[in-house]
Amino acid sequence: MKTYRKELTFNLPSRRAFVNITPDVSQAIQESGIKEGFVLVNAMHITASVFINDDESGLHNDFERFLEKLAPEKPYEQYQHNGYEDNADAHLKRTIMGREVVCAITDGELDFGTWERIFYGEFDGKRPKRILIKIIGE
Amino acid sequence: MKTYRKELTFNLPSRRAFVNITPDVSQAIQESGIKEGFVLVNAMHITASVFINDDESGLHNDFERFLEKLAPEKPYEQYQHNGYEDNADAHLKRTIMGREVVCAITDGELDFGTWERIFYGEFDGKRPKRILIKIIGE
Amino acid sequence: MKTYRKELTFNLPSRRAFVNITPDVSQAIQESGIKEGFVLVNAMHITASVFINDDESGLHNDFERFLEKLAPEKPYEQYQHNGYEDNADAHLKRTIMGREVVCAITDGELDFGTWERIFYGEFDGKRPKRILIKIIGE
């Protein structure tokens, strides 16, 4: 069994953003030399998400409105977590979107459906945040 | 380490449906010959879900109402994604329900609690859609 | 490839609760002797969750209100599942929070960001319920 580990870091200029990291994950798989196995991709921060969906800007705007409806950012004082912080909504939004994805690797590539793309979901940006890619297989 | 890969395809007659695929996953594990490891089961489409819950029709109706409350199908024009499509709600519903499950394999079988069952969740049906089963272990 | 399996059991005195199980998972990794690989931690019951977030009581209260807003416990009769049971809301709450986490193991330890902690989320307590820890790697 082989394993491979890589971190990505993003410092996004806005509080919330979605970034397509599929090319980064594909590159890590190439670097690993692993042909058959699993790749785990997870946010290392609890106010961010890694998820799979469509690379379509209209849908990303729909996600923004959907998440703001379910867990609105403001008023900050609606959340007990926001004593010294203002990011309680980011913890809730990340929960809806998910922390991690596990994807199959087949023949040395991401084993994906036509429209599957991996996104980093930032919900409390403007500072450096890390994503972990861990690959196991052969 | 051994790996095994299998696809399932469903062409469901309704826009939304839940299908118990536990027997299909168990059969794939048998076919793999893998006794100890992990099985990943994921939708290969971004308007569908694989999740674990109860095989109880009343609960499935509760899921339908819950998802329609959080991400209603209509009016279609409430979503920016719905310029040429009408399935933005399906992308959101699948996000709530989840893309994938990872399950343990122990002694050649799904290592499950009493009531755990794996479901395919369709949110934009009436066409062929694929599910990936990937198994790694020994 | 090595594998290791362990169950945790909790019998919590309240209907809903969050328990930090990070030390239990770390201990299982030590017991396994596995230095590089993946650990799967999942609820074996479909009214409970395993998720990763912050060990901060204010945030946990925010989660309680968030979940009660999206899938309220009462009135029980709003759910079709509640013919002989009263826990439909627990099935829905667990869906939002997630069934499982998959975490990387690197150098014999949980490969975590600074604030990541693994929680057991109970949504229908007052009885013994099980969590599965399954580790694969080398």
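The combined condition, being farther than 19 Å from C:M97 by Cβ and within 14 Å of chain C (Cβ to nearest Cβ), is fulfilled by B:T114.
For the stretch C:101-138, how many residues are touching a residue at least 40 places away in the same chain (Cβ under 8 Å), surrounded by fewer than 23 Cβ atoms within 10 Å (Cβ to Cβ), acidic (D, E) and in contact with a Leu (Cβ under 9 Å, 6 or more places away or on another chain)? Qualifying residue count for the region: 1.
Being outside any loop (DSSP other than H, G, I, E, B), of a type in the set (G, A, S) and out of contact with any Cys (no Cβ under 9 Å at 6 or more places or on another chain) is a description that applies to C:G58.
So that you can scan it fast, the table gives a plain yes or no per residue for (1) farther than 22 Å from A:F112 by Cβ; (2) without any contact (Cβ under 8 Å) to a residue 24 or more places away in the chain; (3) open to solvent by less than 40 Å² (accessible area, probe 1.4 Å):
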{"residue": "B:N20", "(1), (2), (3)": "yes, no, no"}
{"residue": "B:Q30", "(1), (2), (3)": "yes, no, no"}
{"residue": "B:F63", "(1), (2), (3)": "yes, no, yes"}
{"residue": "B:Y79", "(1), (2), (3)": "yes, yes, yes"}
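For the stretch B:32-40, the condition holds for no residue, the condition being that it is open to solvent by less than 10 Å² (accessible area, probe 1.4 Å), touching a His at 6+ places or on another chain (Cβ under 7 Å) and under 28 Å from B:A88 (Cβ atoms). Could we say that A:V50 is crowded, with 21+ Cβ neighbours inside 10 Å, closer than 18 Å to A:V101 by Cα and more than 12 Å from the chain's Cα centre (by Cα) here? When the stated conditions are applied, A:V50 does not pass them.
When C:V19 is tested against (1) more than 16 Å from the chain's Cα centre (by Cα); (2) assigned to a strand (DSSP E or B); (3) away from chain B (no Cβ under 14 Å); (4) of a type outside the set (F, W, Y), just one condition goes unmet, and that condition is (1).
Would a scan of the stretch C:69-82 turn up a residue that is in a loop (DSSP other than H, G, I, E, B), farther than 24 Å from C:P23 by Cβ and among the hydrophobic types (A, V, I, L, M, F, W, C)? Yes, there is a match, as at least one residue in the stretch C:69-82 is in a loop (DSSP other than H, G, I, E, B), farther than 24 Å from C:P23 by Cβ and among the hydrophobic types (A, V, I, L, M, F, W, C).
Scanning the stretch C:89-111 for residues that are out of contact with any strand residue (DSSP E or B) (no Cβ under 8 Å at 6 or more places or on another chain), within 11 Å of chain A (Cβ to nearest Cβ) and either within 21 Å of A:L92 (Cβ to Cβ) or of a type in the set (A, V, I, L, M) (or both) yields a single hit, C:I96.
Taken across the stretch B:84-93, residues that are crowded, with 16+ Cβ neighbours inside 10 Å and among the aromatic types (F, W, Y) do not occur at all.
The values are calculated or read from the model by the stated rules, or taken from the named source; none is laboratory data. None of the values given here were measured: they were computed from a predicted structure. Because the Cβ atoms are built from the backbone with ideal geometry, glycine has one as well, and the counts that use them run over all protein chains shown. With ligands, DNA and RNA removed, areas are computed over all heavy atoms of the protein, side chains included. Shrake-Rupley method; radii C 1.70, N 1.55, O 1.52, S 1.80 Å.
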